[in-house]
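Student: Provided herewith is a single structure, encoded as structure tokens, for subsequent inquiry.
The values are calculated or read from the model by the stated rules, or taken from the named source; none is laboratory data. Quick caveat: nothing in here was measured; it's all calculated off a predicted structure. Please note: Cβ atoms are built from the backbone with ideal geometry, for glycine as well, and neighbour counts cover all protein chains shown. Heads up: the accessible areas ignore ligands, DNA and RNA and are worked out on the full protein's heavy atoms, side chains in. Shrake-Rupley method; radii C 1.70, N 1.55, O 1.52, S 1.80 Å.
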Amino acid sequence: MTEQNYQNHSTIHSPKTRSQIVYYISVVCLTFLAIVKMCCAVMASSGRLNALLFVLTGISLLSGYFLFRSFALKAQDRAIRAEENLRHFVLTGKLLDKDLKIAQVIALRFASDEEFVALAENAVKQNLSSADIKKAIKNWKADNHRA
């Protein structure tokens, strides 16, 4: 497996890339299914009500998928915040600053222990974006467990 760093961290089994592909495939498949079912219902003279129900079912399934996926990502973000909070506490004896946004905390998880505390302080003071935090990391710590 390739060593993870700033340039390739989002392409090695990237959850963002995987989820985008799944979303596009889902949209295409459900749209195709809805169109086919609607055409079959209209051609079979079973009426427009059945066709409408098929379309609404497809929309409901797609909406449910996005909703459930967002729940999983929110839970994962909370777990990362807790892990990094514990890591900061172990290193400094204090919890992470409450002003850190979740995107900043997620970016900090790639920092080695040696630079983690300083980067966390700089992120708050300078209001660094997650990309800026990742670019500032010198010793990259891979995170291969994000889904």
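Student: Residues of the range 41-86 being more than 22 Å from the chain's Cα centre (by Cα) and either open to solvent by less than 80 Å² (accessible area, probe 1.4 Å) or modelled with pLDDT of 85 or more (or both), which ones?
Tutor: Hits for the range 41-86 are Ala41, Ala44, Ser46, Gly47, Asn50, Ala51, Val55, Thr57, Gly58.
Student: Does Glu115 satisfy being open to solvent by 50 Å² or more (accessible area, probe 1.4 Å), out of contact with any Pro (no Cβ under 9 Å at 6 or more places or on another chain), without any contact (Cβ under 8 Å) to a residue 60 or more places away in the chain and among the acidic types (Asp, Glu)?
Tutor: Numbers: open to solvent by 50 Å² or more (accessible area, probe 1.4 Å): no; out of contact with any Pro (no Cβ under 9 Å at 6 or more places or on another chain): yes; without any contact (Cβ under 8 Å) to a residue 60 or more places away in the chain: yes; among the acidic types (Asp, Glu): yes.
The answer is no for Glu115.
Student: Between residues in the range 81-106 that are free of Cβ contacts under 8 Å to residues at least 40 places away in the same chain and residues that are basic (Lys, Arg) and surrounded by fewer than 14 Cβ atoms within 10 Å (Cβ to Cβ), which pairs lie under 9 Å by C-beta distance while being six or more apart or on different chains?
Tutor: Every condition considered, the pairs that remain are His88/Lys94; Ile102/Arg78.
Student: What is the residue count in the range 125-147 for residues that are in a helix (DSSP H, G or I) and surrounded by fewer than 16 Cβ atoms within 10 Å (Cβ to Cβ)?
Tutor: Summing the residues that are in a helix (DSSP H, G or I) and surrounded by fewer than 16 Cβ atoms within 10 Å (Cβ to Cβ) in the range 125-147 gives 5.
Student: Just to be sure, is Glu121 open to solvent by less than 40 Å² (accessible area, probe 1.4 Å), more than 13 Å from the chain's Cα centre (by Cα) and among the charged types (D, E, K, R)?
Tutor: no
Student: Moving to a separate point now. Look through Leu95, Leu108, Leu100 and report the one residue that is under 24 Å from Glu3 (Cα atoms), aliphatic (A, V, I, L, M) and either crowded, with 17+ Cβ neighbours inside 10 Å or at pLDDT 90 or above (or both).
Tutor: Only one candidate passes the filter, namely Leu108.
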